[in-house]
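To start, the structure itself, in C-alpha cells.
The values are calculated or read from the model by the stated rules, or taken from the named source; none is laboratory data. Computed from a prediction, not measured in an experiment: that's the story for all the values here. Cβ atoms come from the backbone with ideal geometry, glycine included; neighbour counts cover every protein chain shown.
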C-alpha cells in the first residue's frame, strides 16, 4: 500500500506531456512533429506562418543580408519555394534555363551600372556580344536531314 501511495505522489510531481502534432511548413511543404506551444512560437516569429527549421534558417540568413528585414526575407524565401515546387521539380531542364536567365539579368544590370570602375575610356565592358543568329544553321541542318531521309 505504501508503494502505491508513493507512486501516486511521484505521478503528481511529473510535468504533463504535451501532445505532438504534425505541422506542415508553409514554404517547402515538409512536415515536422511539433508541440502546439512550439507551433505558436514559430507563428508569432514569422507573421503567422508555420515554417520548418530549415526554412527558418534560410529566412534568418536572408534577413541578415538585407539588413534585418524579416518580413521581406520571409516573402522572398516563400516565393523561391513556390517557384521551385511549381517549375523546378516538375521540369528540371527549366531550372537550368531559369538559372541562366537570372545570370543574364544580373550581368545586364551590372552593365548598366554608373559606377566609375565600370567605364574605361567611355566604353562599357561586360555583357554578351552576339555575332550572328543560329536560326540559319538550324534550318540548314533540318533540310540536310530531310534530304538524307529521302
Inset, instruction - Answer yes or no: is there a residue in the stretch 115-123 that is over 23 Å from residue 29 (Cα atoms) and either modelled with pLDDT of 75 or more or surrounded by 10 or more Cβ atoms within 10 Å (Cβ to Cβ) (or both). - result: yes
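Go over the candidates 55, 34 one by one and state the one that is more than 21 Å from the chain's Cα centre (by Cα), at pLDDT 90 or above and either closer than 30 Å to residue 101 by Cα or buried (at least 17 other Cβ atoms within 10 Å of the Cβ) (or both).
Details: 55 fails: more than 21 Å from the chain's Cα centre (by Cα).
So the residue among 55, 34 that is more than 21 Å from the chain's Cα centre (by Cα), at pLDDT 90 or above and either closer than 30 Å to residue 101 by Cα or buried (at least 17 other Cβ atoms within 10 Å of the Cβ) (or both) is 34.
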Inset, instruction - Just need a number here: residues in the stretch 58-81 that are surrounded by fewer than 13 Cβ atoms within 10 Å (Cβ to Cβ) and in contact (Cβ under 8 Å) with a residue 24 or more places away in the chain. - result: 1
Legend entry - Residue pairs meeting the criteria (Cβ under 8 Å; at least 6 apart or on separate chains; first on the phi > 0 side of the Ramachandran plot, in the stretch 25-45; second modelled with pLDDT of 90 or more and surrounded by 14 or more Cβ atoms within 10 Å (Cβ to Cβ)): none
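So which residues in the stretch 37-52 are buried (at least 17 other Cβ atoms within 10 Å of the Cβ) and out of contact with any strand residue (DSSP E or B) (no Cβ under 7 Å at 6 or more places or on another chain), if there are any at all?
If the condition is that a residue be buried (at least 17 other Cβ atoms within 10 Å of the Cβ) and out of contact with any strand residue (DSSP E or B) (no Cβ under 7 Å at 6 or more places or on another chain), then 42, 46, 51 are the ones that fit.
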